[in-house]
1. Rank-order 185-195, 85-95 by packing density, defined as the average count of other C-beta atoms within 10 Å over each peptide's residues, highest first.
2. In a GNM of the chain with a 10 Å cut-off on Cα contacts, which of P101, P144, P274 has the highest mean-square fluctuation?
3. Whole-Hz ³J(HN,Hα) for each residue in region 283-288, computed from phi via Karplus 6.51 cos²θ - 1.76 cosθ + 1.60 with θ = phi - 60°, x for glycine and proline: what do you get?
4. Compute the distance in nm between two label points, each set 7 Å from the Cα along the Cα-to-Cβ direction, one at R111 and one at L314.
5. Let me have the relative contact order for the chain, percent, based on Cα pairs under 8 Å that are six or more residues apart.
6. Ordered by residue, what ³J(HN,Hα) values in Hz, to whole numbers, does region 268-279 give under the Karplus form 6.51 cos²θ - 1.76 cosθ + 1.60, where θ = phi - 60° and Gly and Pro are x?
7. Using 0.36 nm times the number of residues separating I59 and E191, minus their current alpha carbon distance, what extension gain do you get?
8. How large are Rg and Dmax for the chain when only the alpha carbon atoms are used, in Å?
Amino acid sequence: MSRTILFVCDAGPEVGGGHVMRCLTLAAALSARGARCRFLAPPPVGDLLEAFAPDLDRIAVEDGQPDRLIAACQATDADMVVFDHYGLGAADHRAGAGDRPAMVIDDLADRPLGADLLLDSGLSRASEDYDGLVQEACRRLIGPAFAPVRPGFCDLRQGALARRLSGPPPGRILVSLGLGDLNAITGRVVERLLPVTEDMAIDVVLGGAAPSLSKVSALALVYPRVSLHIDTPDMAGLVAAADIAVGGGGSSSWERCVLGLPTVLLILADNQRPSARALEAAGAALALEVSAPEFEGALQEDVIRLMVDDRLRLGMSLAAAEVCDGLGADRVADAVMELLESVSRSPGEGGPRSGSDEGGPET
């Protein structure tokens, strides 16, 4: 029997598009298992769905205010609800899901969550961080092994790692700081890279509404080695082709790790800091605080280090590839289907909130 899963996620200038993109990745894995996936779509979410999944079932919502999302959730038939929204807490999750099982995707561990299944793929995260924030019966999927990474990255993993191990001179740098381009950071970064990257090609990824769009478009006209990619469907190809990246500290970190791409990782928000520092400690990235006074000089210095130090690039590639294998979406989708199956086996017993989930914490 086909199951319907409703996704409730956030997007916009302040939070970017990462919530939607990782939900789309999980939805694809669930669809491959026979589930029907639907998305609540306030305007910013709807714009991303139109760009990246135009045929996906969606329910238009006037705006993204929590009360509107919860009301729409309550009015929508589904067997399970997946929440990926920092502005919602336990009361919202329970009100929206009702007697249906709920999954929560989180990175913060800063508030109670009404979850029967929890996903936090942060490298620095421990299951114990959610003690007291979720019910004891909640199954916890913790760490990069569960990071939802699109299948295209796994498909290119072997070839990308083999090329990095062969050690060709760096010829391409990827700048990917989130589709939302928080505080127009992308244009600022590209301007600082141009004087120090010599003849390297620079691929720049932006969303269609990014504030840096006009600036980067103008730079691409002046510098033919700058290529602009707007709402690109081939992110995996760009990551595989790059030799160095300047990337954001969100969920795209796992995509770069899968393909072993040496990265200067920019911390664009407080919640990105723990994972970014953990990646740096693992040797998988060089982390920089965008808010630091010396940021622009440090950015140039770190990029130059990666350009000239072959051993540093190789070591970072190997460490990054060790962090994440790219199979997390399948692992999470299996856990979702197991939860739905467990609910269907015990009708009338209050569902998984009554303690029927025996999965326990996982790391």
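Bear in mind these aren't lab numbers, they're just calculated from the coordinates by the rules spelled out. Small disclaimer: the values here were computed from a predicted structure and weren't measured. With ideal geometry, Cβ positions are generated from the backbone for all residues, glycine too; neighbour counts draw on all protein chains shown.
1. 185-195, 85-95
2. P274
3. Those phi angles translate into x, 9, 6, 10, 9, 10 Hz.
4. About 4.8 nm, to one decimal.
5. Over the chain, the number comes to 19 percent.
6. The phi angles translate into 9, 8, 4, 5, 7, 4, x, 5, 4, 5, 5, 5 Hz.
7. 43.5 nm
8. 20.5, 67
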